[in-house]
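Chemist: The structure follows.
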Amino acid sequence: MVRPTIYKTHQARVQAAREERRRHYQKCREVILAKRRQSRKEKKSCQDNEPSDDEDEPMETLQDCIAAVKYAKDDFMTYVKAPRRFFDLLVDEYSKTMPDPEVCPTGNGDKSVFERAITSLEGFLDRANRGLDGILQMCGVSDEWHAADGVCRFMREMIGMVEDILLRLAEGGDGELSIAFMGNELWYQEYKFPV
């Protein structure tokens, strides 16, 4: 005999799964929080800078996933502070590495300024994507997922804006970047950042 259908719609199934996870979290809250505290203490006491092996472990609860996105976003915004100002400072830092055109007319500045920024931003995005993937696996496309996706999308756009600057440098070197900057043609200059 076939087992009777408990949930008639996908929405009912998702809602029941959420309720079950909430009950589990409420029941085991102290144990979960103790594990988190212990792992944070271990991370702080660890003096070597090697990446931890637990980054590939799946997250256990929805709250873990949401917290991963939130902490990644907070660290991202601490690093960036004001997005428009962040890009102006990057371009300014790059312009300081540009050689004098009279001394070295074919020389270019140090592109590693932008490459380091991309590496840092990608680190934040990777952490946020882990939380986003966990939310998707636990809840599907839900309100929580949409909020986390908005955060990840903004981070991807910021990385794209730095890559846009690198593309200008690849196309025409310092001259092309200077012309685009003075003409307000760079993507970050046209983007409407949230206030």
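The values are calculated or read from the model by the stated rules, or taken from the named source; none is laboratory data. This structure is a prediction, so every number in the text was calculated from the model and none was measured. Positions of Cβ are generated from backbone atoms using ideal geometry, with glycine treated the same way; all protein chains shown enter the neighbour counts. Note: accessible area is taken over every heavy atom of the protein model, side chains too, but ligands, DNA and RNA are not part of it. Shrake-Rupley method; radii C 1.70, N 1.55, O 1.52, S 1.80 Å.
Chemist: Above 17 angstrom, tally the Cα pairs of the range 88-161 and express them as a % of all pairs, no decimals.
Modeler: Within the range 88-161, distances greater than 17 Å cover 57 percent of Cα pairs.
Chemist: Counting only protein heavy atoms, what percent of the accessible surface of the chain is carbon or sulfur at a 1.4 Å probe?
Modeler: Accessible surface attributable to carbon and sulfur in the chain totals 53 percent.
Chemist: While we're on this one: Please give the direction-averaged projected area of the C-alpha convex hull for the range 62-102, in square nanometres with one decimal.
Modeler: 3.6
Chemist: Counting Lys and Arg as +1 and Asp and Glu as -1, each charge on the Cβ, what is the dipole of the chain about the Cα centre in debye, to the nearest 20?
Modeler: 1740
Chemist: Here is a follow-up. Which of the peptides 159-168, 8-17 is most tightly packed, and how do the rest follow, judged by the mean count of other Cβ atoms within 10 Å per residue?
Modeler: 159-168, 8-17
Chemist: If r is the Cβ-Cβ distance from Met182 to Ser142 and R0 is 45 Å, what FRET efficiency results, to the nearest 0.05?
Modeler: So, using R0 = 45 Å, E works out to roughly 0.50.
Chemist: In nanometres, what is the gap between the two model label sites at Ser112 and Lys192, each 7 Å from Cα along Cα-to-Cβ?
Modeler: That separation, rounded to one decimal, is 4.0 nm.
Chemist: Under the classification rounded if a/c is under 1.5, otherwise prolate if a/b is larger than b/c and oblate if not, where does the range 1-43 fall, given a ≥ b ≥ c as square roots of the Cα gyration tensor eigenvalues?
Modeler: The shape class here is prolate.
Chemist: Probe of 1.4 angstrom, ligands and nucleic acids ignored: what's the accessible area per residue over the chain, in square angstrom?
Modeler: 68
Chemist: With angles folded into 0 to 90 degrees, how steeply does helix 83-97 sit against the dominant principal axis of the chain? Use alpha carbons for both and round to 10.
Modeler: Approximately 40 degrees, to the nearest ten.
Chemist: Rounded to the nearest 0.05, what FRET efficiency do Arg3 and Lys41 have when you use their Cβ-Cβ distance and R0 = 45 Å?
Modeler: After rounding, the FRET efficiency stands at 0.50.
Chemist: Could you give the length gained on full extension between Asp126 and Tyr25, defined as 0.36 nm per residue of separation minus the Cα-Cα distance, in nm?
Modeler: 33.8 nm
Chemist: Hey, another quick one. With charges set only on the Cβ (+1 for Lys and Arg, -1 for Asp and Glu), what does the dipole of the range 100-195 come to about its Cα centre, in debye to the nearest 20?
Modeler: 340
Chemist: Counting each DSSP H run of 4 or more residues in the chain as -39500 (n - 2.57), what helix-only mean residue ellipticity at 222 nm follows after dividing by all residues, to the nearest 500 deg cm²/dmol?
Modeler: About -25000 deg cm²/dmol.
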